[in-house]
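Nothing in this text is a laboratory measurement; each read-out follows from the coordinates by a stated rule. This structure is a prediction, so every number in the text was calculated from the model and none was measured. Ideal geometry is used to build each Cβ from the backbone, glycine not excepted, and the neighbour counts take in all protein chains shown.
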Amino acid sequence: MTQHDKYMLRCIELARLGAGHVAPNPMVGSVLVHNDRIIGEGYHQLYGQAHAEVNCINSVAREDVHLINGSTLYVSLEPCAHYGKTPPCADLIIRNNIPVVVVGCRDPFNEVNGKGIEKLEKAGIQVITGVKEKACLDLNKRFFTFHTQHRPYIVLKWAQSMNGKIASESAERLLISNDYSNRKVHKWRSEEAAILVGTNTALLDNPSLNNRFWNDVQPIRMVIDMDLRLPESLNIYNKKQHTIIFNLHMHSLEVNSKANSLQNDEVAYYRVSNDSSLVHQIVTACYQLNIQSILVEGGAKLLQSFIDEGYWDETRIITNEHLFVETGLPAPAVTGHHVFTEQVFNDRIDYFRK
Ligand code: AOF
Ligand code: ZN
C-alpha cells in the first residue's frame, strides 16, 4: 500500500463518522500530512455545516500551523468550488498555501464537477487524483448514482421462505423474519432516504415503515395508492414521519420542493398518470424531490417491476431456512445486472448476542 493509499483510507474512515447526519450531502473526510505525520483531521459532520477540509485545517494544533504550507492535504472527494451553504473549500486550500492536494474522486455535483480541481491547479497547486477511487465512489454510492444517473440509488428488499416464497397463497403475511433479521431491516431503513411500498403491502401488512430497532433516523415513507382508497387508520398514516402518496388524483408537491423540507407530520401527494411506467414516474419524482435513495419493501409485483425495468442497484434478501411454504407467491426473479446482494439468514441471531 502506498502512502497515498494509506492516508486516503484514513479519509474514508473519517468520512463514515458523518453517516446518517450529512445526507443529501456526501460523506467526506480529510487529513493533512506533514513529513509522514498527520497534523490535521476532519470530516463533514452535519448537513449544512463545515466541509471536511475546513474541519481538517481548523484542527491543526497551534504549534503546527506553520507547517500547513509545506503539507499535503488528502480529501476523499474533490474540494468544492462553489458557494453553497459554506464557501468554496478550494479557496480555503489556496489561501493556506497548501502545495499538494490528493483527491479520491471527482465531485459529480453540477456546481463542482471538475471546477474544484481546476481552481487548485490554476493556483499552482499539484493535484493528484484517483487515489483509492473505487473505495471513495463506493462510500457515496447513493450520492454518485443520484448525480450521474439522475435517479435515486435503489435497494430492493424482501423476505422469503426456504423454497423462495414471499407470501402464502392467500397473500396473508407470513412470519419469515425474526429478531435478528428485523434488526437488519431497521438498520437498512435508517440508511436510505425513503421506503416505498405498494398498496396491497400497506393494506395487508399494515407496516409502520419506521426504524425502531436501530437508531432514531427515520426515512420518508412512500406509498402507492392510485385511487386514494387506503384508510387513514393504517400505520403509514401515523403522524411521525413524512409520507408521500403516489396517486392518480391529487398533487401537493411542487416540482422543486425538497422532500426533506416537509413538515414532520405532513402527508404529501404526488400525482402520477396511467400513461407511462409507474416505476419510471416514481424514480423521476424522487430525483425531483431530492430523494437520493430508496428501499423498496414490496409487494412482489412492485419489486418485479423495478427489476424488469432495470431500476435497481442492490437486493437484500432475508431467507428463513426453516420455513417451507407449500403453495404461495414466488419471490421476485432477479435478472439483469447484479451489483450487490446481501443475504440474511434468520438463524444467525447469535451474532447480536454479546
Ligand atoms: C467538499 N467537502 O466535505 C463536502 C462537499 O451546501 P454545501 O455548501 O454544504 O455544499 C454541498 C455540496 O458540496 C455537495 O452537494 C457536494 O457537491 C459538496 N460536498 N465538498 O469540498 C465536503 N461535503
Ligand atoms: Zn467544500
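Placing +1 on each Lys and Arg Cβ and -1 on each Asp and Glu Cβ, with no other charges, gives the chain a dipole about its Cα centre of roughly 520 debye.
Starting with the fewest neighbours, write out S168, S276, S76 ranked by other beta-carbon atoms found within 10 Å of each beta-carbon.
Values: S168 15, S276 10, S76 34.
Starting with the residue having the fewest Cβ neighbours, the order is S276, S168, S76.
Please report the relative contact order for the range 101-237, taking Cα pairs under 8 Å with a sequence separation of at least 6, and give it as a percent rounded to a whole number.
RCO, the range 101-237: 16 percent.
Taking the chain, the Cys residues with no second Cys beta-carbon under 4.7 angstrom are C11, C56, C80, C89, C286. Putting +1 on Lys and Arg Cβ atoms and -1 on Asp and Glu Cβ atoms, find which of V75, S59, Y43 reaches farthest to the positive end of the dipole of the chain. Positive-end residue among those listed: S59. Within the straight-line cut-off of under 19 Å between alpha carbons, the lysines reachable from K6 are K132, K134, sequence neighbours fewer than 8 places apart in one chain being disregarded.
By other beta-carbon atoms within 10 Å, ranking I244, I220, I128 with the fewest at the front produces I128, I220, I244. Each residue of the range 34-47 was assigned a 3J(HN,Hα) from its phi angle through the Karplus curve 6.51 cos²θ - 1.76 cosθ + 1.60 (θ = phi - 60°); the sequence is 10, 6, 6, 10, 6, 10, x, 9, x, 8, 6, 9, 8, 3 Hz, with glycine and proline shown as x. The charge dipole of the range 106-252, taken about its Cα centre with unit charges on the Cβ of Lys, Arg, Asp and Glu (plus for the first two, minus for the last two), comes to roughly 340 debye.
Once the other residues with Cβ under 15 Å from the Cβ of A90 are scored (Lys, Arg +1; Asp, Glu -1), what is the net sum? Please report the intermediate quantities before stating the final value.
Working: positive: R95, R106, K115, K119, K122; negative: E53, E78, D91, D107, E111, E118, E121.
Within the 15 Å Cβ shell, the charges total -2.
Across the range 230-243, computed HN-Hα scalar couplings (Karplus, 6.51 cos²θ - 1.76 cosθ + 1.60, θ = phi - 60°) run 6, x, 6, 7, 5, 4, 5, 9, 5, 8, 8, 9, 5, 9 Hz from first to last residue, x flagging Gly and Pro. Only Lys, Arg, Asp and Glu carry charge here, each on its Cβ (+1 for the first two, -1 for the last two); on that basis the range 23-114 has a dipole of about 80 debye about its Cα centre. Panel order for L248, L92, by other beta carbons found within 10 Å of each beta carbon, from fewest to most: L248, L92. Rounded to the nearest Hz, the phi-derived 3J(HN,Hα) couplings of the range 206-211 under the Karplus curve 6.51 cos²θ - 1.76 cosθ + 1.60 (θ = phi - 60°) are 6, x, 8, 6, 10, 10, where x marks glycine and proline.
Which value in deg cm²/dmol, rounded to the nearest 500, describes the helix-derived mean residue ellipticity at 222 nm for the chain, given -39,500 (n - 2.57) per DSSP H run of n ≥ 4 and division by the residue count?
On the way: 10 runs with 91 residues, N = 354.
When only DSSP H runs of four or more count, the value is -7500 deg cm²/dmol.
Across the chain, the mean sequence separation of Cα contacts (distance under 8 Å, 6 or more residues apart), normalised by length, yields a relative contact order of 16 percent.
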